[in-house]
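Structure record follows, encoded as structure tokens.
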Amino acid sequence: MANAHWVARHWLGVDAEAGSPPDTPGIAAVDNGDGTATVTISGSSAGAFNAASTMQISNDFSTSSWTDQASRTGDGTIDMTLAAGYYWVRVVSSLGGQSAVGNSVYLRVTDGTPALLQQILEAVQSRIRGLALAGISSENVIVRDVPTDRNIQTKPCVVIAPYRAEQMPPSAGTNASDEVGYPIVVAIVDHKTGTRSGESAYEPDSSARFKWRQDIVRAFRHQRLANVADVYGIRIEPLDIVDAGAWFQRNVHFSGLILRAFTREPRGID
């Protein structure tokens, strides 16, 4: 037996004392939503050196090479800082000159950045609030899922909401990006009539409403949006200056327009 060990070590280049490979590590990877992820290692051999690595999946679903991330001894967790995107994650377990590779697991990493549509809605809200429209408080410039005045107690107000479907023209964009036009409705909503203390019903002054509409149009027509770099331009698509149905059927002044925010977005996953 001793001679066999000597032959293995000195002539065949094999470490006969190394024994069996380490146990194959099991892993789980979790996105923390802040540009970090946590890998949990289990089932590895006691004292094994466990190294985690990642392979990023690109926009066209191709992959790159493995990149070393972090390591630890034995089972436990490894924290990784990664750019938002999609990855394969693996752990290589080493012990006594031998190694075992665990199965690769799929991981999406997010960094807490809101959806682009949400960013656009909030940027539109911020710009309109910055106009300081006379008679409309900042708190009454609100974002909704749908353009309705239901449950709005204080009027006049400006309601901002998504409106119908995006535009995705197949001939627009570039070789690596697609053009998307997000429709955002901006609606000035007010009571058709009201009462003042000690007075009968009166008709509010529409000149103020028309001024609000004009100021909003000028603030967005052919403009970009601050803090939303993906938006390269806005097109105004006017709705009725005064919606007759809302006026006669619901006693509501509704003056709306569509802001079509055009973006260039990655083709495939980002």
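The values are calculated or read from the model by the stated rules, or taken from the named source; none is laboratory data. Bear in mind that the values here come from a model prediction, so they are computed numbers and not experimental data. Cβ: placed from backbone, ideal geometry, glycine included. Neighbour counts: every protein chain shown.
Listed values, structure above:
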| read-out | value |
| --- | --- |
| Residues within region 64-96 that are of a type in the set (D, E) and not in a strand (DSSP E or B), tallied | 1 |
| When residues of region 72-103 are limited to those that are out of contact with any Ser or Thr (no Cβ under 6 Å at 6 or more places or on another chain), closer than 17 Å to G47 by Cβ and aliphatic (A, V, I, L, M), the one surrounded by the most Cβ atoms within 10 Å (Cβ to Cβ) | V91 |
| Leading residue by the ranking (modelled with the lowest pLDDT) among those in region 232-270 that are more than 25 Å from T148 (Cβ to Cβ) and assigned to a strand (DSSP E or B) | P266 |
| Number of the exception - Y182 against (1) touching a strand residue (DSSP E or B) at 6+ places or on another chain (Cβ under 7 Å); (2) part of a loop (DSSP other than H, G, I, E, B) | (2) |
| Residue within region 79-97 that is modelled with pLDDT under 95 and in contact with an Asp or Glu (Cβ under 6 Å, 6 or more places away or on another chain) present | yes |
| For R164: the one exception among (1) modelled with pLDDT of 85 or more; (2) surrounded by 13 or more Cβ atoms within 10 Å (Cβ to Cβ); (3) of a type in the set (K, R) | (2) |
| Filter result for L117 (closer than 21 Å to D230 by Cβ and either surrounded by 18 or more Cβ atoms within 10 Å (Cβ to Cβ) or out of contact with any His (no Cβ under 7 Å at 6 or more places or on another chain) (or both)) | yes |
